[in-house]
Amino acid sequence: MRRQGTTRRGILNRYILSNLAAFFGMALGVLTTLFLIFDFFDRIDNIIGERSNFLLIIEYFLLKVPYTVVLMMPVAVLIGTLMTIGLLSRNAELTAMRSAGITIAQVARPIIAVGFLLSLGSLTLNEIVVPYASRRAREIYNIDIKQKHSNGAYSQNDFWWRSGDSFYSVGVFDSRTSTLSGFSRFDIVDGMAVNSRINADTVSYLDSLLGWTMHQVTEYRFDPTTGSTSSSRLAHLPLPIDKEPEDFYYTETDPSTMSYRSLRHFIYEQQANGLSVDSYYADLYAKFSFPFICFIMPLIIIPFALRPARSGSMASSILAALCIGFGYYVVHSFAISLGRAEFVPPLIAAWLGNIIMGAVGVILLAGSEQPL
């Protein structure tokens, strides 16, 4: 009898999972396609105006697929769960299962397991595929299509960075010519004592092999024991820094397109430069929390998907599911904003939406065991 029950549960699980896979795949494909179509029409003026290469345009939209898939995956899980359980309810198949002694929890178990696996898949894509694809897509659009570096859109003024015991200050970076103007380097010893300073009118980039060269250079050396200063002038001097022109391009940091490791590295770099990074920690922890909405979503949706068995209509279930899905994004975004503003500890802010919606889902699922 036990073997027969196990066989029946296996058949039931395969039936549920086949329906879920069909609805999830269809929803994810449609949502991803629609998103890319909307993005195409949003950018069509720039693409046509710049007379872009057709193959580059194809590559750009293909590179946007991984990020779009990760973004649409929770919504596809919502739709797949709603349609799978909703049709089982509407066709009275769920009533037959309940009559055979199968509980709602047993029906929900394979769907929740798939949600957990999809969460791990989303997390993996976010760490490995999405950062590279998003970065490359941005480079194609801004550099190859819009030619921002050629018209100076990537230029920036008055910035600095630190590398080891050296501080670098730049007055102007011109992305059209890949030159730094008003350049200074300060070498620090014994805490914050300046050992030497180098000023250069301009710094030009030659290539990836030769690197940067300073022009019209003045070097100052300070002797802390005697307090004396010496100086020398050179027409040209190499600048050994591990930077390329793209590293100076003025672009806004978008944590949503960075992996956990790359965002953590960015935070450490900002800390080394003496800048405040507290506002980034909520986004850092959200790299782990957000993908697990694929696991939590079925917990919330299944109770609402049972309504057709009681009311005979799926309209109210669809409306409730959409409100729940939208509600999660609102709660999660609001919590992350509180974490960025340091009103809430960043770790709590990152997981608050999951905790609230997960608790609601467990309560609703536990209460759904009443007779249909």
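If you take the residues in region 322-352 that are modelled with pLDDT of 85 or more and either open to solvent by less than 30 Å² (accessible area, probe 1.4 Å) or among the basic types (K, R) (or both), which one is nearest to G80 (Cα to Cα)? Restricting to residues being modelled with pLDDT of 85 or more and either open to solvent by less than 30 Å² (accessible area, probe 1.4 Å) or among the basic types (K, R) (or both), the top hit is H332. Between S204, S175, S181, S196, the distinction of being modelled with pLDDT under 85 and either open to solvent by less than 60 Å² (accessible area, probe 1.4 Å) or within 24 Å of N157 (Cα to Cα) (or both) belongs to S175 only.
Restricting to region 32-43, name every residue that is open to solvent by 40 Å² or more (accessible area, probe 1.4 Å) and either free of Cβ contacts under 8 Å to residues at least 40 places away in the same chain or under 18 Å from M297 (Cβ atoms) (or both). Give the steps one after another, and end with the answer.
Within region 32-43, the subset open to solvent by 40 Å² or more (accessible area, probe 1.4 Å) is 33-35, 37-38, 40-43.
Correct list: T33, L34, F35, I37, F38, F40, F41, D42.
Looking across region 247-269 at every residue that is aromatic (F, W, Y) and open to solvent by 60 Å² or more (accessible area, probe 1.4 Å), the one that is modelled with the lowest pLDDT is identified as Y250.
Residue-level analysis places I355 among those that are within 21 Å of L71 (Cα to Cα) and at pLDDT 90 or above.
Inside region 95-114, residues that are in contact (Cβ under 8 Å) with a residue 24 or more places away in the chain, in a helix (DSSP H, G or I) and among the hydrophobic types (A, V, I, L, M, F, W, C) make up a count of 8. Selection within region 207-246: residues that are more than 13 Å from L180 (Cα to Cα) and of a type in the set (K, R). The member of this set that is surrounded by the fewest Cβ atoms within 10 Å (Cβ to Cβ) is R233. Considering only residues of region 184-193 that are open to solvent by less than 40 Å² (accessible area, probe 1.4 Å) and not small (G, A, S), which is nearest to K243 (Cα to Cα)? Only one residue fits best here, namely D187. Output the residue which, of all residues in region 137-162 that are closer than 24 Å to E269 by Cβ and touching a strand residue (DSSP E or B) at 6+ places or on another chain (Cβ under 7 Å), is modelled with the lowest pLDDT. Ranking the candidates gives S155 first. One residue alone among F116, F35 is touching a Phe, Trp or Tyr at 6+ places or on another chain (Cβ under 8 Å) and modelled with pLDDT of 90 or more, and that residue is F116. The residues of region 270-308 that are over 30 Å from T81 (Cβ atoms) and modelled with pLDDT of 75 or more, listed by number, are Q271, V277, D278, S279, Y280, Y281.
The values are calculated or read from the model by the stated rules, or taken from the named source; none is laboratory data. All of these numbers come straight from a predicted model, not from anything done at the bench. Ideal geometry is used to build each Cβ from the backbone, glycine not excepted, and the neighbour counts take in all protein chains shown. Just the protein is used for accessible areas: all its heavy atoms, side chains included, with ligands, DNA and RNA removed. Shrake-Rupley method; radii C 1.70, N 1.55, O 1.52, S 1.80 Å.
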